[in-house]
Every structure is written in structure tokens, then in C-alpha cells.
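These notes are about the structure you will find just below.
The values are calculated or read from the model by the stated rules, or taken from the named source; none is laboratory data. Remember, predicted model here, so these are calculated numbers, not experimental data. A quick note on method: Cβ atoms are made from the backbone with ideal geometry, for glycine too, and the neighbour counts reach across all protein chains shown. Accessible surface areas use protein heavy atoms only, side chains included; no ligands, DNA or RNA. Shrake-Rupley method; radii C 1.70, N 1.55, O 1.52, S 1.80 Å.
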Amino acid sequence: MDDLANTQLRSATPADLDTVLAFWKTAAEGTSISDDRDGVERLVARDPGALILAERGGELVGTVIAGFDGWRCSLYRLAVHPDHRRQGVSGALLAAAEDRFVRLGGRRGDAMVLDGNSLAHPAWRSAGYAPEPQWSRWVKPLGQ
């Protein structure tokens, strides 16, 4: 089994986007309206440090989006390849995201976690995150 010492973290580049999109189909739960090349390309162009990748031996094993708009620290797409789960990858990605937020002046991380994604809940809880039942996510697709 690989250990965390063999895991490298880095920001995604435009050259990584097709690999990331294919990775999410294997490792992420659910899909999003912005899970396409244009959406991820805009993210990386607007905020080059937001999409953090975890690699082992040059292979993508995990991702997290750590978006900061100057006010909110938002976490999306925490995903770890099934063969690399329970090996500290998500913890390393969240630590990198939180370090980024602190450097940028953020004060609280908000994570988008699917209620039905019971596989992810223990990872989020062990990292110190908890659901806030008084909040609901309200959405409206734009430009449709």
C-alpha cells in the first residue's frame, strides 16, 4: 500500500483538465452542471490555485477544489480514487486547501457534500467538518 509520503500535491494546469474530468467519472460521487471542459477551464483560468491535485507516481489519485471569492472558502469535488482511499489522501488535500484559505485570509471552510454520499461523510467528519442542518442549498441553473 502506498503511504502519504509518496503523495505529491500541486495545482492543476490547463494540461490536466481532460485527465481531471475523466478522473471524476471514476472517483467522484454525482455530477455537476459545470463538470465539463469549459467549466473547469474557467475555474483554473480565474483562480489557478483552486484545483488541487494529489498524485502518486505521476498518477492522479485525488482532487479538491478550494475556491475563495474574497469572502467565502468553498470546497468542492473532494474525490479520491477508490484504490487509494483510507490512505490519508483526502486529509492531505483538505489540509492543503485549508492552508490556502488561511493564506488568502479565509476564516471558515464551507464544503459541498451530498447528503446521500455516506462514503464521504466519515472523511469530512474526521477533518473537523459537520453538517449545518439550519442551512439549505438553493440553486438555479443559469443561461439554460
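Looking at region 1-86, which trypsin sites (Lys or Arg not before Pro) are in a loop (DSSP not H, G, I, E or B) and have at most 14 other Cβ atoms within 10 Å? Could the numbers behind the result be given before it?
Details: sites: ARG10, LYS25, ARG37, ARG42, ARG46, ARG56, ARG72, ARG77, ARG85, ARG86; in loops: ARG72, ARG85, ARG86.
Counting only loop positions with at most 14 other Cβ atoms within 10 Å, the trypsin sites (Lys or Arg not before Pro) in region 1-86 are ARG72, ARG86.
Could you check how much of the accessible area of the chain is carbon and sulfur, as a whole percent, using a 1.4 Å probe?
The computed percentage sits at 52.
Between ASN117 and ASP36, what is the spin-label point distance in nm, taking each point 7 Å from the Cα along the Cα→C-beta axis?
Here the answer is 2.1 nm between the modelled labels.
Quote the relative contact order of the chain in percent (integer), defining contacts as alpha-carbon pairs under 8 Å separated by 6+ residues.
Numbers: 190 pairs, mean separation 30.4, N = 144.
Once normalised by length, the contact order is 21 percent.
Enter the per residue convex hull volume of region 26-127, computed from alpha-carbon coordinates, in Å³ rounded to the nearest integer. Kindly include the intermediate steps, with their values, before the conclusion.
Details: hull volume 11.5 nm³, N = 102.
Here the figure is 113 Å³ per residue.
Pull up the DSSP beta bridges for the chain and report the antiparallel fraction as a percent, rounded to 5.
Numbers: 17 of 20 bridges.
Counting only bridges with both partners in the chain, antiparallel ones make up about 85 percent.
Enter the accessible area per residue of the chain (Å², integer; probe 1.4 Å; all protein chains in place).
Working: 9230 Å² over 144 residues.
In whole numbers, the chain has 64 Å² accessible per residue.
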